[in-house]
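The structure appears below as structure tokens.
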Protein chains: 2
Amino acid sequence: MPTGVFFRRVTRSRFTASIIIPYVQDTIECPGIVWPGADERMLDKLDLSKTTDEAKYEATLESLKERLGVLQRTLRDQKIPTVIVIEGWNAAGITMVVHEIVHALDPRGYTLHAIEKPTGEEKSHTFLWRFWLRTPPRGRIALFARSWYSRAISEEMQKHTWEKSLKSRAVQINNFEKKLTDDGTIILKFFLHISKEEQKQRLEERERNPLTAWLVTPSIWNIHRHYEDSLVLIDDFIQKTDTEIAPWIPIEATDRKYAILKVYSSIVKALEKKSEAAKENKARKVKAKEVVKPKKVTVKRHSHPEKVFTKDELQETLANLQIEMLELHYLLFKRKIPLMIVYEGWDAAGKGGNITRVTRFMNPLGYYVVPIAAPTPHEKEYHYLRRFIKHFPTGGDIAIFDRSWYGRVLVERVEKFCTEPEWQRAYGEINEMEEDFVYSSGGGIIKFWLEISKEEQLKRFQQRASDPMKIYKITEEDWRNREKWDTYDEAIDEMLARTSTDVAPWTVVESDDKWFARVKALRTVIATAQKLL
Amino acid sequence: MPTGVFFRRVTRSRFTASIIIPYVQDTIECPGIVWPGADERMLDKLDLSKTTDEAKYEATLESLKERLGVLQRTLRDQKIPTVIVIEGWNAAGITMVVHEIVHALDPRGYTLHAIEKPTGEEKSHTFLWRFWLRTPPRGRIALFARSWYSRAISEEMQKHTWEKSLKSRAVQINNFEKKLTDDGTIILKFFLHISKEEQKQRLEERERNPLTAWLVTPSIWNIHRHYEDSLVLIDDFIQKTDTEIAPWIPIEATDRKYAILKVYSSIVKALEKKSEAAKENKARKVKAKEVVKPKKVTVKRHSHPEKVFTKDELQETLANLQIEMLELHYLLFKRKIPLMIVYEGWDAAGKGGNITRVTRFMNPLGYYVVPIAAPTPHEKEYHYLRRFIKHFPTGGDIAIFDRSWYGRVLVERVEKFCTEPEWQRAYGEINEMEEDFVYSSGGGIIKFWLEISKEEQLKRFQQRASDPMKIYKITEEDWRNREKWDTYDEAIDEMLARTSTDVAPWTVVESDDKWFARVKALRTVIATAQKLL
């Protein structure tokens, strides 16, 4: 139930000095709401004395509930996912508003997420991890009673570097919301605003009621005392995250009925508008935008290594490297540094065998292989990145992806499983996601492209087809993919050029010679691990 | 990585006096293993000096790995799920054994679960909850490095009532494993046994190696010092959970190669046997067995209430009850008592409207509705109970199931989506599951059967069909179900008679009158909640 937001004790002057940064903001259209100017505080502009009369309330609410019920079914049929965020002061009425919303909804079509402190597992992941997992599937509504906003403020304010942290959280949140809206999700965010005096009265009222008195903890009173400080901070954070694609709607919440009505009508109007737009197929065209600039170099690919060792030499090298890997794995584990190893490559390039050799002396409790196949129908209901983020490693774990999110710009691009704007957008989305992982976790990402020549692939296909122990490894699809060699070739070039970043560079592994490839992969993992330690 | 098992300090004599209980055990067949007699300790009988020579090891292991690889694919095609549990002393080689097993497996077909302390969320659920969620889907292998066995011992030993708790854990575990094997899962359990002296040497060796020294914590030495006490306790627990369907295979683990070979050959032989049996369609017929005896009473169903109030009277009563519900909900939440409310009933009996009224004044952050539809393809890959257990409430939450696990003995029985032995078995399985929830959580289960007459159903169907706002609620399937009224009638009678237990009785709600039904449901919830407080 109600959670408290903890604020570090800071003086008002310090806030004013450091947090209020001139902020340029476009005027945006928001149903029925007049937006404050760029240099004004959003919340201070609200007229908290607004009320609604009883008769109007009853009549309007009933009709809005009916419209919301119908809208929920329409959005379901249109497969549009919706995120509704309810934030606000303690005792501002978050629970009450949520209560009224859910009562208009069919339970089969929404999920309510009450966001409190993260669990131990959630805490070990990146900040947005648990919110990614809570994004709604297509056609459903995710309703958040508090959200990444409360969490960002209450978690970051406990750090000494909170000013910097909060700024970077705002960027992360905007990127997160952009990914979702680009994917078709509607995001609506409400902040329930009440005055300090009003909050005081409500908390006292709760304290007088024996049933609710226990909810009013000393830390809630403590936050109340810092109301003015918090106001400045919250207002700034709201403005930083108030975007055209996911606007904030501040709500005057003194009069509960007025608040409910305004939230309801904003939701209904916004959803009706989006739903109409979708019907008329006027959905906003999403432009591909690279948020993290990739190095614009063409990555050279060779399938054959420059030097070929004898098998004995390589075997010995491999054995030595594997023992070194074992020791490094212990150190990564001990220091809780996570590592991701991504394997991509042509069919029959030897990903499986390479993984087996790289993990030969890893502690099996400290690594896991994530084999990626085509998304299941369930997975398709979500943003394409969600199923990968779910498996990201924490602590000292090593996650090895046997194929990965790069499927978006390879097979999905070539086979037209996604549209061109979608895969064009993916380069930036992927770079952002990888950067976020590396910066948040302090870990590393190694990306292998296993390159073989077209002739070598043919040889291996034929070998597999003639070996009864390996015939299961070769399918019709492999032959079909082979026919599209050139189309893949182009997609691979573009992928390597646009997603080789400083934090997560690609390593091309010359794999015509399997043993060389295994040694090179292991050497790369070892070198990266050493840099991380 | 390695986890410690904590043992309460107990004297040897106390163990001997209270834990070693005469235990009757059938001789069971286990590949290559001679079973100890009923009155002997299993582990003491092992010859820990057994070894394997190098040449034999290399040759045998290679061929076993190949066979395991093939078996994995066969079991996948046969859709047989497999659970392999590796338990043993600290430093007995669990990690090493797991390591060797996974290297023969295709990562697409197995999941390794390293079981350590439960997370906060897991701790708030019943003991077996997290293991239910980790059961393998059909055709896949779940490999457990430590399991519910280590957890039962280390968690229960910290309680004052550990003797009783451990006994009841053994029963729960046997029931859990029985449910899985009845559903076709193969379960293999290994215990790696070493002597106290051997353990001491290994721990000292680890301490000398700077890379592994940090793994040897004071608590691990503490457990080592209580080796003899632990031995008695573990041996007893192993014997209590050594069943024909899920036998223990003790492993002499002094010689690492011998241990690996024995584990490997046991797995390969057992799986080959099961796979052959499945091929010959000789899978053991499962007899329906009711573990929890239900009250053998016929539950009378009436669709019409004895007394009908005027709508005004009922509305007023309902309003009062809803306020009472609000207060009780706070108390349940405060005292962290979970509650499940199950709604079953004829189509159009008014489940949705009833749920809306019952939850009218509940805090939305403290309850959730779980709407149950036909299982998805993904859900079908698991034991049918898993998808419900996943949503069981913890703390002070109220989970409302709009349809439930009773689908097994209603729609799945009538439509023949499961076999007769399957639904016959389900009554006992369900009683056991509900009993486990109530006893473990201290919470309650309320089960509503919403009864309407066949005439009333027709009336409502026709109303829905003619109302443009409600027409989406009525489908062809509803009409088809209606034709099978009598078959359902019989299934409902049997369900009510066989699953109305003391811990989770059914309440028939006369629902021809919607308002009466809502009042009765709310009254029942309030009465149950009051008893729980």
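Every number in this text was worked out from the coordinates using simple rules, so none of it is lab data. As the structure is a computational prediction, the values presented were derived from the model and not from experiment. Backbone-built Cβ (ideal geometry, glycine too); neighbour counts: all protein chains shown.
Remarks
- Averaged over peptide B:469-481, the number of partner chain Cβ atoms lying within 10 Å of each residue's Cβ comes to 1.
- Magnitude of the charge dipole for the protein assembly as shown, about its Cα centre and with charges confined to Cβ atoms of Lys, Arg (+1) and Asp, Glu (-1), is about 660 debye.
- Across the stretch A:175-182, rounded Karplus estimates of 3J(HN,Hα) from the backbone phi angles (6.51 cos²θ - 1.76 cosθ + 1.60, θ = phi - 60°) give 5, 4, 5, 5, 4, 5, 5, 4 Hz, Gly and Pro being marked x.
- The same position B:Thr51 in the other copies lies at 9.3 nm from this copy, comparing label points 7 Å beyond Cα toward the beta-carbon, shortest first.
- Pairs over the 28 Å Cα-Cα cut-off, from the set B:Lys262/B:Lys390; A:Lys307/A:Lys351; A:Lys123/A:Lys262; B:Lys336/B:Lys390; B:Lys336/B:Lys520; B:Lys189/B:Lys390: B:Lys262/B:Lys390; A:Lys123/A:Lys262.
- Förster radius 41 Å - calculated FRET efficiency between A:Thr419 and B:Trp221, Cβ distance, rounded to 0.05: 0.10
- Taking amide hydrogens as placed 1.01 Å from N in the peptide plane, the amide H of A:Val508 sits under 5 Å from those of A:Trp449, each at least 5 positions away in sequence or on another chain.
- Check: the stretch B:54-279 dipole with +1 on Lys, Arg Cβ and -1 on Asp, Glu Cβ, in debye: 700
- Formal net charge of residues neighbouring B:Lys200 (Cβ-Cβ distance under 12 Å; K, R +1; D, E -1): -1
- If the chain linking A:Glu62 and A:Asp44 were pulled fully straight, counting 0.36 nm for each residue of separation and taking away their Cα-Cα distance, it would gain 3.4 nm.
- Sequence-distant residues sharing a close amide H with B:Thr119 (under 5 Å, placed H): none
- Coupling constants for the stretch A:202-218 follow from the phi torsions by the Karplus curve (6.51 cos²θ - 1.76 cosθ + 1.60, θ = phi - 60°), and in residue order they are 5, 5, 5, 4, 4, 5, 6, 7, x, 6, 10, 4, 5, 6, 8, 8, x Hz; glycine and proline get x.
- Taking 0.36 nm per residue of separation and subtracting the current Cα-Cα distance, fully stretching the chain between A:Asp486 and A:Lys200 would add 96.1 nm.
- Across the stretch A:79-84, rounded Karplus estimates of 3J(HN,Hα) from the backbone phi angles (6.51 cos²θ - 1.76 cosθ + 1.60, θ = phi - 60°) give 6, 9, x, 10, 10, 10 Hz, Gly and Pro being marked x.
- Farthest positive-ward along the protein assembly as shown dipole, Cα basis, beta-carbon charges - from B:Met96, B:Leu68, A:Gly139: B:Met96
- Helix B:420-441 and the long axis of chain B differ in direction by around 80°, with both axes built from C-alpha atoms.
- FRET efficiency, 1/(1 + (r/R0)^6) with R0 35 Å, evaluated for A:Glu276 and A:Lys117 via beta carbons: 0.30
- Counting only DSSP H runs of at least 4 residues, each contributing -39500 (n - 2.57), and dividing by the residue count of chain A, the helix-based mean residue ellipticity at 222 nm comes to -15500 deg cm²/dmol.
- Nearest-20 debye value, the stretch B:198-255 charge dipole, Cβ charges on Lys, Arg, Asp, Glu: 360
- This ranking places A:Lys300, A:Lys473 by how few other beta-carbon atoms lie within 10 Å of each, fewest first, which gives A:Lys300, A:Lys473.
- Percent RCO, i.e. relative contact order, over chain B, from Cα pairs under 8 Å lying at least 6 residues apart: 19
- Sorting the segments A:182-195, A:85-98 by their mean number of nearby beta carbons within 10 angstrom, highest to lowest, gives A:85-98, A:182-195.
- Lys/Arg +1, Asp/Glu -1 at C-beta; chain A dipole; positive extreme among A:His329, A:Val508, A:Ala213: A:His329
- 10 Å Cβ neighbours from other chains, averaged over peptide A:358-371: 5
- Ranked B:Asp489, B:Asp502, criterion: other C-beta atoms within 10 Å, fewest first: B:Asp502, B:Asp489
- Of the residues A:Ile471, B:Ile526, B:Ile446, the one with the fewest other Cβ atoms within 10 Å heads the list, and the complete ranking is A:Ile471, B:Ile526, B:Ile446.
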